[in-house]
Structure formats: C-alpha cells, structure tokens
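Below: one structure, written as structure tokens.
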Amino acid sequence: MTQLELAASGQATAEIRSVAEAEGLDTEIVRRRVASGKIVIPSNRNRTKKIVGIGKGLRTKVNASIGSSTEIADIAMEVEKARIAEHYGADTLMDLSVGGNIEGIRKAVLDAISLPVGTVPLYEAFALAIEKYGAAVNMPPELLFEMIEKQCEEGVGFMAIHCGINKRTVEMLRKQHYRYGGLVSKGGSYMVAWMEHNNKENPLYEHFDRVASIMKKHDAVLSLGNGFRAGAIHDASDRVQIQEMLINCELAEAGREMGCQTMVEGPGHIPINEIEANIIMEKKMSGESPFYMLGPITTDIAPGYDHITAAIGAALSSSFGADFICYVTPSEHLGLPFPEDVREGVIASRIAAHVGDMIKHKNMHADKAMSRARRDMKWDTQFALAIDPERAKEIKAKRGNGDEHSCTMCGRFCANDILRGMFESDMNGSDKK
Ligand code: SF4
C-alpha cells in the first residue's frame, strides 16, 4: 500500500510521524492531509533514505536539479553537484540527465546522497529511442512504461511525467498565434513531436491508469509535468498552459483515487502579478494537490542572474501557497550548471522559500532571533542562524573584526555600540508581535 492508502486506512506510518516531527505538527493532521492527497511523501519503498513531506502546512521545500547534457556528460561532476545540493540544504534532487551514461549517472547519484531523487523518465526513453531506432519519434510507446517501471525499481522517489499533453492541447497550441517562446519543456517538445509524427494520442495520457499503477506499486510520487509551461514572460497563463493545468489537476485527482500520490507542476516564466492566480487555480481545481513551481522566472532579461529572477518568483509563490519550488541557477539559459552554480541556486531558493514561509506560516521566529543576535553582536549566533553560515563567516573573516565587537562596515561608528542598552528593554526577548 502507498503512504496515501495507509493514511486513508487510519495508519500513521513511520514516514508520516517523521514528517510531523520534522515540521512540528500534530501527527493526526499530517495523516489526514496525506490521506486526502494534500501532502505527499516521496518515499519509494525500494529506497528509504531521508523522509521529506511536501504540501499543505509544511515548510516550502526546495528541489535542486542536476544532470548531464548531450554536450557535457561527466558522472563525477554530477555526483559532486548532487552532494553540493545536499550539503547546502536542498530538500530533494532531480537528475535530469539526457547525455552520456544516463542510467549510470542516476545510479551514482542515488548512491551518493540521502535526499529523495526525482527524474523525468521520458528523457531516457527518448534518448534510448534515438540510439536504438534512429530518432525519438520512432520510440515504441512501451518503452515509456518500461522506463517508468525501471526507474521506480531503482528507487526514484518522484517523477515528472507529461500526462497532460494530449491532442486537444496540441491543437490549442497550433491555433494560438501569440506564443513568443514556443515550447521550452524538453519532455513536452519530444512528446508533441512524437504525437505529430505518429498522428497518435500521448500514450501517457491515453493510458494514464497504467502510469499511476506503476507509480503506485512502488509508492513513487507522480508529478504531473508542465510540458506547455511558458518559456517567455509574455506567454504566461495563456490558454494552452491553463488547459494543461486543468488536465493535470483532473489527473492528480484520478491518480489519488487510485491510491497513487500525486502533485502538479506549475510555471515556468511568469510576471509577478499572475503568480497568485495560478496558485489559486491549481489548488481549487486539484483539490489542493501539492503545487510544484519551476522557479518561476519573473523577467526574461537577466541572463546570468536567473537564480535571482527565480528567487523573486519563488518567494511570492511560497507566500501564496506553493508547496515546492525548483531552484534555478545563474547558468540558466546560458549553459549546463557547474558545481558552484548549484550552491548559488540552492541558497537563493532556500532564501526565497523562507521569505515565503514567513508569510504563509506567519513564522518570524528565526528573523527575530537574528535581529537580537545582530543587536547584541553575537556573531556565533548570527552564523548559526544564517541560511549559508559558510558564506557569512568567509565574508566576516576576509574583512577583519573591526572594533572589539563590531565589524568593519561602520567600525567605531557602530550604531549598535552607540545606542547599546538604550532601547532594548521593550524589545529584549519580547515576542509581542
Ligand atoms: S559596525 Fe555597523 S554593520 Fe557592523 S555590527 Fe556595528 S552597526 Fe552593524
């Protein structure tokens, strides 16, 4: 049985208890939310490692995506990136490899880290089809299902699968004459090309029950992929994106009814004034399935800084109720991320998730503690509370200690020293607000 089925039968599993304890929530609340599909736990029964809950009432989780391309495929580097993602606090990791030894990279990553690992099984299926049958469009549909099963058996905890692409959505895209960015999802593009070439329905939509059955058998979470997400700010929330979201929300419900844990993927590129509407729609149409935002990127004109454009979108997404965000690195739109990009992306997304959670969960405790530590110049406490203590310590050390207590920013003009003790009584330790 899956976590969803066990929870629905009244059982508070070890995984549910672990999530409740990590989040400081009542076990019964978590059990009920897992039973109703509002929380998912990607704990494939073939690989039990770190337990992470994603969904209603929980801390917003951060995913780091790594993976080879057809141009750069280095197992050691991908393992290093996975380890860096775990070290800097990612909650999950997706291996999106499309080049080199895809299976070898995935297995090495699964062995190297304890985080739940996600994949897009279409990538390996299409790569194999190119190798064996000469072109992705020659892929026999059976290969898709075999790949999902194989990756489930290896212990993949969640998979982005593009079930929401169907003939109707493709037709909508064809008729729609105002897409600036076309299709930017690799899985989505390949699937549309396959459907057009073979004049057939998407097998993952047509045989959705089979997809959900395989995932259910291993208790992997089915993440309903966003193949028509906007790849340009101008295209956000257009008819085809919303139509795919509607289908994905229907499928999320259908999967849940079968006992399969499901979540729904969101944009993409989107202006900040459309983020809330997307989250409201997804939550209402899916029965509050966990919502997985990909970034989202909030302007198209900052290549080299897309970890920042995405962090802005992620903070807003989290505050409006998104449950899970995929990081973006500074190399987005420019090249395959290197290990140092992974660190930047993870930290930027963790900051964004925290900023959103401060509003979503009305929780300012950590920020209050940091304010007190700053006022009192307790540097060790500040480092302990920092999202990236290593970076904070490095910067402080490089610039010297300044005065006895202060830092070199203001030196003897340290405001904290000048007013020490004068205004502290009202705020000292008080949590009135
Ligand atoms: S020197 Fe300036 S920046 Fe540094 S602790 Fe004092 S007030 Fe803060």
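Values as computed for the structure displayed
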| quantity | calculated |
| --- | --- |
| Among residues of the range 409-422, those that are near the ligand (Cβ under 7 Å from one of its atoms) and either closer than 30 Å to R343 by Cα or at pLDDT below 80 (or both), counted | 2 |
| Filter result (crowded, with 22+ Cβ neighbours inside 10 Å and in a loop (DSSP other than H, G, I, E, B)) within the range 54-67 | L58, T60, G67 |
| Selection status of I51, assigned to a loop (DSSP other than H, G, I, E, B), of a type in the set (V, I, T) and not assigned by TED's automatic domain parsing to the domain that holds F291 | yes |
| Selected residue (criterion: surrounded by the most Cβ atoms within 10 Å (Cβ to Cβ)) from residues of the range 68-86 that are over 23 Å from G187 (Cα atoms) and touching a residue at least 60 places away in the same chain (Cβ under 8 Å) | A85 |
| Residue check, M358 over 14 Å from Y88 (Cα atoms) and not in a loop (DSSP other than H, G, I, E, B) | yes |
| Residues of the range 335-349 that turn out to be of a type in the set (A, V, I, L, M, F, W, C) and either outside any loop (DSSP other than H, G, I, E, B) or within 14 Å of the chain's Cα centre (by Cα) (or both), as a count | 4 |
| Candidate set from the range 392-403 (those that are more than 11 Å from the ligand (Cβ to nearest atom) and surrounded by 15 or more Cβ atoms within 10 Å (Cβ to Cβ)); member that is nearest to the chain's Cα centre (by Cα) | A392 |
| Filter result (among the polar types (S, T, N, Q) and more than 16 Å from the ligand (Cβ to nearest atom)) within the range 329-386 | T329, S331, S349, N363 |
| The range 247-268 residues that are of a type in the set (D, E, K, R), paired with ones that are crowded, with 24+ Cβ neighbours inside 10 Å (beta carbon under 6 Å, 6 or more apart) | R256/G37; R256/T262; E265/S223; E265/G225; E265/N226; E265/Y292 |
| Members of the range 1-48 that are within 16 Å of C260 (Cα to Cα), of a type in the set (D, E, K, R) and not in a helix (DSSP H, G or I) | K38, R45 |
| Number of the condition not met by I308 [criteria: (1) free of Cβ contacts under 8 Å to residues at least 40 places away in the same chain; (2) surrounded by fewer than 24 Cβ atoms within 10 Å (Cβ to Cβ)] | (1) |
| Positions within the range 68-88 being in a loop (DSSP other than H, G, I, E, B) and out of contact with any Ser or Thr (no Cβ under 9 Å at 6 or more places or on another chain), in sequence order | T70, E71, I72, Y88 |
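The values are calculated or read from the model by the stated rules, or taken from the named source; none is laboratory data. Please read these numbers as outputs of a predicted model, since none were measured by experiment. Heads up, the Cβs are rebuilt from the backbone with ideal geometry, glycines too, and the neighbour counts pull from every protein chain shown.
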